[in-house]
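Let me begin by presenting the structure, written as structure tokens, before commenting on it.
Here, each number is a calculation from the coordinates, and none is a lab measurement. Since the structure is predicted, the reported quantities are computational estimates derived from the model, not experimental observations. With ideal geometry, Cβ positions are generated from the backbone for all residues, glycine too; neighbour counts draw on all protein chains shown.
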Amino acid sequence: MAPIFKKHTSVRDYSRRIVDESIIKDILDAAIRASNTGNMQLYSIVLSTQPKIKDALLPLHFYQQMVKQAPLVFTFCADINRFSQWCRLRGTEPCYDNFLWFSTALVDTILAAENAALAAEDAGLGICFLGTTMYNAEEIAKVLNLPKGVVPVVTMVAGYPTDQTIKPQPTERLPFEAVVHFEQYRRYTDEQIDEYYSQIENLDKMKAFVADNHVNNLAEVFTQVRYTAKDGAAFSEKYLDFVKKSFTI
């Protein structure tokens, strides 16, 4: 049997089947067991299952219906609030309201999220990570009642796929040699870049993706449609402003 991580695919359509509480606990326990810096666990996980909360989150994730449809919505947050409060209770002043420690908390958070994803898939659930969390982090924080020092980083929805008789194909990835470097970083030639990316560009679904977006190639889908310079600058400024405000505690 292939390892679970080799079977990963993003699932965006979920059935109404209820996820057993024991499975939910196993997912959360797996997340908590993730590696982290200094065993400080600078993250928190907010699990949303109630329609009222998911309805409030839906527009903040650009109306991706899986937020409302999936039974489980996990928001993984960088959190220096809890550790800082503990420090003060023990008579010492915390010193974690800076970029280094936000970055540290960010790493801890993502490691926990990936552990949760592997546990969910191992239990037979489908999952999908949402890249929209950082875009509306301040608004998400209000919905989830997050205090200062807690910043949403990534959201994962999970549940049983609508049609489990159809086995989705694993998500395409760049070849091994495109990503892995031994000893030192290896500079890419233009020919290598062409070779590595053409394997994805030549997939029928990617050609259809390009045509549907009315652009010339897959790179233009990313730069001109999905992740534009204008949006990147605006959301970067918005997220950085919220992080600065939140991580001053």
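Here are a few things to note about the model shown:
- The charge dipole of the stretch 176-226, taken about its Cα centre with unit charges on the Cβ atoms of Lys, Arg (+1), Asp and Glu (-1) only, comes to about 220 debye.
- Structure-derived semi-axes √(5λ) of the Cα gyration tensor in Å: which label, when the choices are [x] 31, 24, 20; [y] 29, 23, 16; [z] 27, 21, 18: [x]
- By the count of neighbouring beta-carbon atoms within 10 Å, fewest first, Arg187, Arg82 end up ordered Arg187, Arg82.
- Working note: Cα atoms of the stretch 176-226, range along each principal axis, descending, whole Å: 41, 21, 16.
- Net dipole in debye of the chain [+1 Lys, Arg Cβ; -1 Asp, Glu Cβ; about Cα centre; nearest 20]: 860
- Rel. contact order, % - alpha carbon contacts under 8 angstrom, at least six apart, the stretch 67-198: 33
- Label point distance in nm, Val107-Arg173, each placed 7 Å from Cα along Cα→Cβ: 2.1
- Estimated at 0.36 nm per residue, the fully extended path between Val215 and Glu183 surpasses their Cα-Cα distance by 7.7 nm.
- Stretch gain in nm, segment Ile200-Glu21, where the contour uses 0.36 nm per residue and the Cα spacing is subtracted: 60.6 nm
- Directionally averaged projected area (convex hull, Cα atoms, the stretch 144-249), nm²: 11.8
- With 0.36 nm allotted per residue and the present C-alpha distance subtracted, the Tyr63-Thr37 stretch has 5.9 nm of extension available.
- Membrane-span-like helices in the chain, defined purely by DSSP H runs whose alpha carbon atoms cover 18 Å or more axially and whose average Kyte-Doolittle hydropathy reaches 0.0, are 99-122.
- Taking the square roots of 5 times each eigenvalue of the Cα gyration tensor of the stretch 1-122, largest first, gives ellipsoid semi-axes of 29, 18, 13 Å.
- What the Cβ-Cβ distance of Gln224 and Ser10 gives, at R0 = 25 Å and to the nearest 0.05, is a FRET efficiency of 0.65.
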